[in-house]
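Quick notes on the structure that follows.
The values are calculated or read from the model by the stated rules, or taken from the named source; none is laboratory data. Bear in mind the structure is a predicted one, so any value in this text is a computation, not a measurement. In this analysis, Cβ positions are derived from the backbone assuming ideal geometry, glycine residues included, and neighbour counts consider all displayed protein chains. Each accessible area value is taken on the protein alone, full model and side chains, heavy atoms only, with ligands, DNA and RNA left out. Shrake-Rupley method; radii C 1.70, N 1.55, O 1.52, S 1.80 Å.
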There are 2 protein chains.
Amino acid sequence: MPRFNSLPVVPLFGWVVACLAFVGSVLLGVNLVSVVDAQSQQATVPSVPPGAREVPSRAIPVPDTVSPQMQAIIARPMNPAFNVAPETTAEWKARVDTAARALVAGLPDIREALDVTVQSTTMAGVKAFVVTPMAISPQNRDRVLLHLHGGVRVLNPGEAGTREAILMAGFGGYKVISVDYRMPPDFPFPAALDDAVTVYREVLKTTNAQNVGIFGTSAGGSLTFTTLLRAKLEHLPMPGAIATGTPTVDLTKTGDSLFTNAMVDNVLGTQDGFIRATALLYANGRDLKDPLLSPIYGDVHGFPPTILTSGTRDLYLSNTVRMHRKLRAAGVEAVLQVWEGQSHAQYISDVSAPETKEYHDEVVRFFDLHLGR
Amino acid sequence: MPRFNSLPVVPLFGWVVACLAFVGSVLLGVNLVSVVDAQSQQATVPSVPPGAREVPSRAIPVPDTVSPQMQAIIARPMNPAFNVAPETTAEWKARVDTAARALVAGLPDIREALDVTVQSTTMAGVKAFVVTPMAISPQNRDRVLLHLHGGVRVLNPGEAGTREAILMAGFGGYKVISVDYRMPPDFPFPAALDDAVTVYREVLKTTNAQNVGIFGTSAGGSLTFTTLLRAKLEHLPMPGAIATGTPTVDLTKTGDSLFTNAMVDNVLGTQDGFIRATALLYANGRDLKDPLLSPIYGDVHGFPPTILTSGTRDLYLSNTVRMHRKLRAAGVEAVLQVWEGQSHAQYISDVSAPETKEYHDEVVRFFDLHLGR
């Protein structure tokens, strides 16, 4: 239960008036302070914010407002390693390798289910994968999507980074180029950004910028934004549209849902521990508020149409909606979708979940609306 | 801290693999079950959802990612009366009256600040207010907005219901008709809905439906949807567009944020207590899942373009995004905006907050895009 003993002591009558006025008025958003002041000088509401909201412990049930597949995903226990960070280069590499091997083991089934082939390539010296669906939709013949994978800027090297690209190629009927960008511990910032921009520049040699879409989830969503910031600096044209899912646009611990959804998001837990360590490893001493690390602090004027995705339990819900507001304030056509009950990036957790198909339907429709042909 | 003692006992090696795979993979949303099964038969992840997420108690700081005005609103203590419900008709009326008097006392200042006049009227026997800005924008001369006020279907009778209409008239340069619909305890369902539809029908006698927008917050947002459901049943044309803020589209206790944001939302606290009592009072014995009470269960095909608004701390975040998804799935052009750190309806709490202006700018732009002229 909440504690009220931190409230200021005021006369009983004042509180009665304040309480009644509050219930009656805040539902319509009335400024309580002015209302109460106007109504009764006896009721004084603190003008200085008293600070933090104390929330009691609780058990949050699995919602029945999502598919059975999504219910199973939401019901998973908290990731037990969310707070454990490697301390040596060897430990980082072991963690990356183990995770990548586990992930890659699941890819053949997904490629087969979605009828998608994956071929490794090199573009201007940068490793990449060309991800091709069995049938490219007619309107997509002259279009290319550039994929920047997630994994907190450290995980998912090589083939492990192609999973989301396979889903987009399969669900969307698009040819996708997935960039196997360099990562720490060997290659911290700006290696990943250099690689992403290099591949984008290569793609522009054969494809009109208006026909190119860029997309990514989590760190890949943030890298999509920083790629655009760098493209602007280098006077490259903007792509036709971008799709960023729960983008980690702020490497500092800023954004309300980092607190409200801490230990509610069963994928990430909190931004401390492992995630904090990956940010520092990537930044390599650079100011975390540098816009090329945290694009929420960048100038997004002139960005192309953007669709952003998050979930109500997502640790990065706030950073997604902050970026959405920032884009809107800059006059960018930006569309937001938030998924019921989902933690970080769970809209692509299970290929068989109806939410996964619906997510891709929305993004594909958005690309189709905004990309050139 | 989370409790892990409910996890199944598995061999240590299995857990190590599972943990490493988890960190490496779920950031990209991999289906952990299949990955781990493929990697190690020793690691068994429960196939039956273990149920609720246990979240420890915590103190959530006031975010610095919003305006100073909004920080003050977010820092307000929890409404102390959220869990107190009247038990007699006399108690209900006293609560309604006290709240309305307090709210009305603040209206002259707002009308003056926004240069808006309010006149009471009657339309086909239904009480209403005509809310007129000093300057109606040229493109809005042949447009009318219909306003359905909030207040959990019980509060804000008479002039108290006009506050949101004053804001929209002032910020948007629109003529607004605010319906003073009948409410319990004297007039439960369907009186409010009858009144809303009656006024809509009256407006259609002088204004093309395409030139009419309907908007409301909370109960007013839900009543906007049920008005459309009834209009469809009565073969009335749809309005040109609607705007619904944190609409209470489900009177049952359904929607994940009713649990995740319980005691986080400082306006509503929880859906139990007072709010539950108002729903039962309004429903008057009718099934709470009736679409005319809970429009999330209705058929929204053919609905006009809709802009929906919520906040990351909003108790009704889930019901807002559920309705957004339902509209999108029905092919409706539906736009979502979610405000950083805000509880229920705080985007209209303080007329001077930049978020209040930005909210209205978005809604007004949306109406301007979709309404006829």
Looking only at segment A:49-73, filter to residues that are among the hydroxyl-bearing types (Ser, Thr, Tyr) and out of contact with any Gly (no Cβ under 8 Å at 6 or more places or on another chain); which one of those is nearest to the other protein chains (Cβ to nearest Cβ)? A:SER57
Here, strands (runs of 3 or more DSSP E) confined to segment B:72-190 with at least 2 residues that are under 27 Å from B:ARG313 (Cα atoms) are B:144-148
Residue count, segment A:351-367 (criterion: open to solvent by less than 50 Å² (accessible area, probe 1.4 Å) and more than 17 Å from the chain's Cα centre (by Cα)): 5
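This table checks each residue for (1) among the basic types (Lys, Arg); (2) within 30 Å of A:VAL55 (Cα to Cα); (3) more than 7 Å from chain A (Cβ to nearest Cβ).
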position: B:TYR297; (1), (2), (3): no, no, yes
position: B:PRO304; (1), (2), (3): no, no, yes
position: B:ARG313; (1), (2), (3): yes, yes, no
position: B:TYR316; (1), (2), (3): no, yes, yes
position: B:VAL321; (1), (2), (3): no, yes, no
position: B:LEU327; (1), (2), (3): no, no, yes
position: B:ALA334; (1), (2), (3): no, no, yes
position: B:GLN346; (1), (2), (3): no, yes, no
position: B:PHE367; (1), (2), (3): no, no, yes
Selection from segment B:224-264 of residues that are of a type in the set (D, E, K, R) and closer than 14 Å to B:LEU148 by Cβ: B:ARG230
So, B:VAL332, is that one part of a loop (DSSP other than H, G, I, E, B) and without any contact (Cβ under 8 Å) to a residue 60 or more places away in the chain or not? yes
Return yes or no: is B:THR217 open to solvent by less than 10 Å² (accessible area, probe 1.4 Å) and more than 21 Å from B:THR122 (Cβ to Cβ)? yes
Filtering segment B:65-91 down to residues that are open to solvent by 40 Å² or more (accessible area, probe 1.4 Å), within 21 Å of B:VAL267 (Cβ to Cβ) and at pLDDT below 95 yields B:PRO80, B:ASN83, B:VAL84
Taking A:LEU193 and the conditions (1) more than 24 Å from A:HIS360 (Cα to Cα); (2) open to solvent by 10 Å² or more (accessible area, probe 1.4 Å), which numbered condition does it fall short on, given that it satisfies the others? (2)
Does B:GLY311 meet the test of being modelled with pLDDT of 95 or more and either in contact with a Leu (Cβ under 6 Å, 6 or more places away or on another chain) or at positive phi (or both)? no
Taking the conditions exactly as written (crowded, with 24+ Cβ neighbours inside 10 Å, acidic (Asp, Glu) and modelled with pLDDT of 95 or more), does A:GLU164 satisfy them or not? yes
So, in segment A:297-318, exactly how many residues are of a type in the set (Val, Ile, Thr) and within 27 Å of A:ALA81 (Cβ to Cβ)? 2
Candidate set: segment B:167-190, residues that are buried (at least 17 other Cβ atoms within 10 Å of the Cβ) and of a type in the set (Phe, Trp, Tyr); chosen: the one farthest from the chain's Cα centre (by Cα): B:TYR174
Just for segment B:259-304: of the residues that are at positive phi and of a type outside the set (S, T, N, Q), which one is surrounded by the most Cβ atoms within 10 Å (Cβ to Cβ)? B:GLY269
